[in-house]
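Trainee: Pasting in a structure now, in structure tokens, and then I'll have a few things to ask.
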Amino acid sequence: MAVAVAVACFAPGVRSVLRESFTEIPASYTELYFTSPPALDGNTAVVPVSVVSHGDAGLTHRVRVLVEAPGGRVTASTTRTVTAPATDVRTASVVRLPVSDGGSVVRVELVGHDQTLHFRLGAPGSPTPQGTP
């Protein structure tokens, strides 16, 4: 029973209902999240991110993806422009950036918003992504 509940919580419709039940949500807002956990492919960080605009079709967003060395120095970055084709439609993108150290951190920012995501690459135990809404 508990497994069925846990699996159901990952379904987009269930997540949406839970979010609406526990959070006061403005009429229009934007979600930023990892589509799947970032990973290393040799010396390249593979960062799958998604943006969903709720209430604003055709809105353009800038998503900045950075790789930081263990000391916090930015070693690679890029910015992508993403346009929401319709409201409530996910726009996914995969960003590839070079990394020089397996302990690097990936940071994703929705430019002009407070939302950021962080993920430590190459850490033991494959940590789960951490986001700041």
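The values are calculated or read from the model by the stated rules, or taken from the named source; none is laboratory data. Fair warning: this is a prediction, and the values are worked out from it, not measured in the lab. Cβ atoms come from the backbone with ideal geometry, glycine included; neighbour counts cover every protein chain shown. The area values use the complete protein model at the heavy-atom level, side chains included, leaving out ligands, DNA and RNA. Shrake-Rupley method; radii C 1.70, N 1.55, O 1.52, S 1.80 Å.
Trainee: For the stretch 58-73, which residues satisfy the criterion of being over 17 Å from L110 (Cα atoms) and loosely packed, with under 14 Cβ neighbours inside 10 Å?
Mentor: Across the stretch 58-73, the qualifying residues are P70, G71, G72, R73.
Trainee: With the requirement that a residue be among the small types (G, A, S) and either surrounded by 15 or more Cβ atoms within 10 Å (Cβ to Cβ) or touching a Pro at 6+ places or on another chain (Cβ under 7 Å) (or both), what does the stretch 34-57 give you? Full working, then the answer.
Mentor: Quick first cut of the stretch 34-57, residues among the small types (G, A, S) only: 36, 39, 42, 45, 50, 53, 55, 57.
Residues satisfying the conditions are S36, A39, A45, S50, S53.
Trainee: Is it the case, given these coordinates, that T81 is closer than 21 Å to L40 by Cβ and out of contact with any Leu (no Cβ under 6 Å at 6 or more places or on another chain)?
Mentor: On the way: closer than 21 Å to L40 by Cβ: no; out of contact with any Leu (no Cβ under 6 Å at 6 or more places or on another chain): yes.
Taking the combined requirement at face value, the residue does not satisfy it.
Trainee: What are the residue pairs meeting all of these: first residue in the stretch 34-48, first residue free of Cβ contacts under 8 Å to residues at least 60 places away in the same chain and part of a strand (DSSP E or B), second residue open to solvent by 40 Å² or more (accessible area, probe 1.4 Å) and hydrophobic (A, V, I, L, M, F, W, C), Cβ atoms under 9 Å, and 6 or more apart or on different chains?
Mentor: V46/A39; V46/L40; V46/V94; P48/A39; P48/A92; P48/V94
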